[in-house]
Amino acid sequence: MCSNLRKMLFVETFIGLIFIICGLLVKKYPNLIAGYNSMSADEKKKIDIKKFLSLLHNGLIITGALVIIARVVFYFLEVTLLYRLLVGTIIIVFGLLYTLINAKKTKNNVTFKQVL
């Protein structure tokens with residue numbers, strides 16, 4: 001049983017690391033953002049890309065770090081798998097919602113749908 005818990009901790013930590021790595025990559029390579037590289041030059045001018053990249057970078061890294069911290073704390077507190085998965089899912093959903101909602105602030109006369 002303990003072996004399975006350690007495997008789950010590894011998988012859960014790996015998920016957090018994926019978020020952190022994506023946050024680091026998106027800051028350096030903005031073309032990783034879906035649809036950004038296919039935008040015309042005029043459309044790209046309407047978006048404050050530096051602000052958007054910072055927001056996306058911070059949102060993904062914070063979400064990943066919170067996932068890892070929660071997993072490790074719950075592992076040592078021996079919280080059941082159901083609650084660990086529930087809290088991890090809530091952290092990811094709220095982290096991504098926070099990032100998407102705040103993405104509106106990076107637009108320059110562009111609708112929210114066009115930015116994302």
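The requirement of being farther than 16 Å from Phe10 by Cα, assigned to a helix (DSSP H, G or I) and at pLDDT 85 or above is fulfilled somewhere in region 62-72, by at least one residue. Look at (1) loosely packed, with under 14 Cβ neighbours inside 10 Å; (2) in a helix (DSSP H, G or I); (3) modelled with pLDDT under 85; (4) not polar (S, T, N, Q) and you find that Leu97 fails only one, number (3). Looking across region 27-41, the residues that are of a type in the set (A, V, I, L, M) and either more than 14 Å from the chain's Cα centre (by Cα) or in a loop (DSSP other than H, G, I, E, B) (or both) come down to Ile33, Ala34, Met39, Ala41.
The values are calculated or read from the model by the stated rules, or taken from the named source; none is laboratory data. This is a predicted model, so every value here is computed, not measured. All Cβ positions, even for glycine, are placed from backbone atoms using ideal geometry, and neighbour counts span all protein chains on display.
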